[in-house]
Amino acid sequence: QVQLVESGGGLVQPGGSLRLSCAASGFTFMRYAMSWYRQAPGKERELVARISGSGSGTNYADSVKGRFAISRDNAKNTVYLQMNSLKPEDTAVYYCKAAAEWGIVYWGQGTQVTVSS
């Protein structure tokens, strides 16, 4: 049974930091590129960051470059998103996604991040 379980969301003040985690099970984790997406109310889901299966390649949305960092621990089947210098516009539900080269995609259930004073 495939599972992606996000955690680490919450309420934080502008300028603060949060670290999201996504624990994976039920598939060969290192063979999947992992991504974080987010969806704010009334907006489409957007890609935040992506990391290759080996962890050697990363990509970021322009809006988070220099503030967010994606990483993975293949021994723990976990991907992380370190979010620093948070802004109110970062408020959204953050989703973890696993994608294989052959087209299979899995999604987590999401975790809420709220940036507000």
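The values are calculated or read from the model by the stated rules, or taken from the named source; none is laboratory data. Predicted model, so just to flag it, every value in this text is computed and none were measured. Cβ coordinates were reconstructed from backbone atoms using ideal geometry, including for glycine residues, and neighbour counts include every protein chain displayed. Note: accessible area is taken over every heavy atom of the protein model, side chains too, but ligands, DNA and RNA are not part of it. Shrake-Rupley method; radii C 1.70, N 1.55, O 1.52, S 1.80 Å.
In the context of the full set of protein chains, residues of the chain present 52 Å² of accessible surface per residue (probe radius 1.4 Å, heavy atoms only). For segment 111-117, putting each phi into the Karplus relation 6.51 cos²θ - 1.76 cosθ + 1.60 with θ = phi - 60° gives couplings of 9, 7, 10, 10, 10, 7, 8 Hz, in residue order, rounded to whole numbers and with x for Gly and Pro. In order along segment 23-34, the Karplus-derived 3J(HN,Hα) couplings, from 6.51 cos²θ - 1.76 cosθ + 1.60 at θ = phi - 60°, round to 8, 10, 7, x, 8, 7, 3, 5, 8, 10, 5, 10 Hz, and Gly and Pro are given as x. If R0 equals 30 Å, the separation of the Cβ atoms of Ile104 and Ser63 corresponds to a calculated FRET efficiency of about 0.60. Computed from backbone phi with θ = phi - 60° and the Karplus coefficients 6.51, -1.76 and 1.60, the 3J(HN,Hα) list for segment 100-110 is 9, 4, 8, x, 6, 10, 10, 10, x, 8, x Hz; x is used for glycine and proline. Considering only alpha-carbon pairs that sit under 8 angstrom and 6 or more positions apart, the relative contact order computed for the chain is 36 percent. With all protein chains in place and ligands, DNA and RNA left out, the 1.4 Å accessible area ranks Ser71, Ser56 as Ser56, Ser71, largest first. For Phe68, the amide hydrogen comes within under 5 Å of the amide hydrogens of Asn84, counting only partners 5 or more places away or on other chains and with H modelled in the peptide plane. As an exercise, use a Förster radius of 25 Å and the Cβ-Cβ distance of Ala40 and Gln82 to find the FRET efficiency, rounded to the nearest 0.05. Once the sixth-power term is evaluated, E becomes 0.80. Of interest is the spacing of the C-alpha centroids, which for segment 7-66 and segment 71-117 amounts to 3 Å.
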